[in-house]
Amino acid sequence: MEQKMYWKNGFYDVPIDGAVEITKRYWQELLDGQSSGLVIVENEKGYPILKGYEPTLLELKARKIAELQAYDSSESVNSFSIGNVSGWLNKSTRVGLMNSISIERESGRPETTIWLNDAKLVLSIEKAIDMLQQIELYALACYHTTQGHIKAINQLETKEEIEAYNFKTGYPGKLSFFG
């Protein structure tokens, strides 16, 4: 005779008040299903069954925002080119470069060096400052676009709207400078 298990909002190996009886084999099927991502829920009679997990609207929004933030941090957004060299300078690097280049300008230097990945770029001070200002304005526009998408995603009301939302729109065109 097969050993029995009991279910009432959880598994028991002894009967408890209001529990339903299940076989040990079915108990194992439920655990295996749960391990593969399914959820154990009760049917209308209180019997445990497996069901696919349905994320909440909040979880779907969080997932969509995480995808947006990954896109915002990717080369699809964070990239510019100088001649045939492309790359990105993060905020702290841009601020540091602007500070250093301003000091170079005050000391009378006509040129500065900027490293973009492993490429050494020698630019006039004025061109370098102009380029950094344009990159900063581009980064700011991208930030505002991303924040607008986050707000829009948080205002969506259905699973279908969240899944269909295209956050890759509205970003400014990438900057391209000539060395």
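Miscellaneous remarks
- Charge context of HIS149, other residues only, Cβ under 12 angstrom, K/R +1, D/E -1: +2
- Over 23 Å apart at the Cα level, from the set LYS91/LYS159; LYS8/LYS45; LYS8/LYS51; LYS8/LYS61; LYS4/LYS45; LYS127/LYS174, are LYS91/LYS159; LYS8/LYS61.
- Overall form of the chain per C-alpha gyration tensor (a/c, 1.5; a/b vs b/c): prolate
- Highest-fluctuation residue, GLU106, GLU54, GLU44 considered, GNM on the chain with Cα pairs under 10 Å: GLU44
- Our summary gives the range 57-177 a relative contact order of 37 percent, counting only alpha carbon pairs under 8 angstrom and 6 or more residues apart.
- Sparse-neighbourhood loop sites, trypsin sites (Lys or Arg not before Pro) in the range 32-119 - DSSP loop, at most 16 other Cβ within 10 angstrom: LYS45
- Sorted by Cβ density within 10 Å, fewest first, the residues TRP115, TRP88, TRP7: TRP115, TRP88, TRP7
- Of SER92, SER102, SER81, the residue with the greatest mean-square motion in the GNM of the chain, using alpha carbon springs below 10 Å, is SER92.
- Residues in the range 142-174 reached by a label modelled at LEU58 [backbone nitrogen below 15 Å; 7 Å Cα→Cβ]: 154-155
- Cα long-axis angle, helix 57-72 against the chain (0 to 90 degrees, to the nearest 10): 30 degrees
- A Gaussian network model of the chain, with springs between Cα atoms under 10 Å, assigns the largest mean-square fluctuation among LYS151, LYS159, LYS120 to LYS120.
- Computed from Cα atoms, the angle from the helix 24-35 axis to the main principal axis of the chain rounds to 10 degrees.
- Antiparallel %, DSSP beta bridges [both residues in the range 57-177], to 5: 75 percent
- Helix axis angle, 91-106 relative to the chain longest principal axis, alpha carbon, degrees: 10 degrees
Read the figures in this text as sums done on the coordinates, not as results from a lab. Since this is a predicted model, take the numbers as computed values, not measurements. Because the Cβ atoms are built from the backbone with ideal geometry, glycine has one as well, and the counts that use them run over all protein chains shown.
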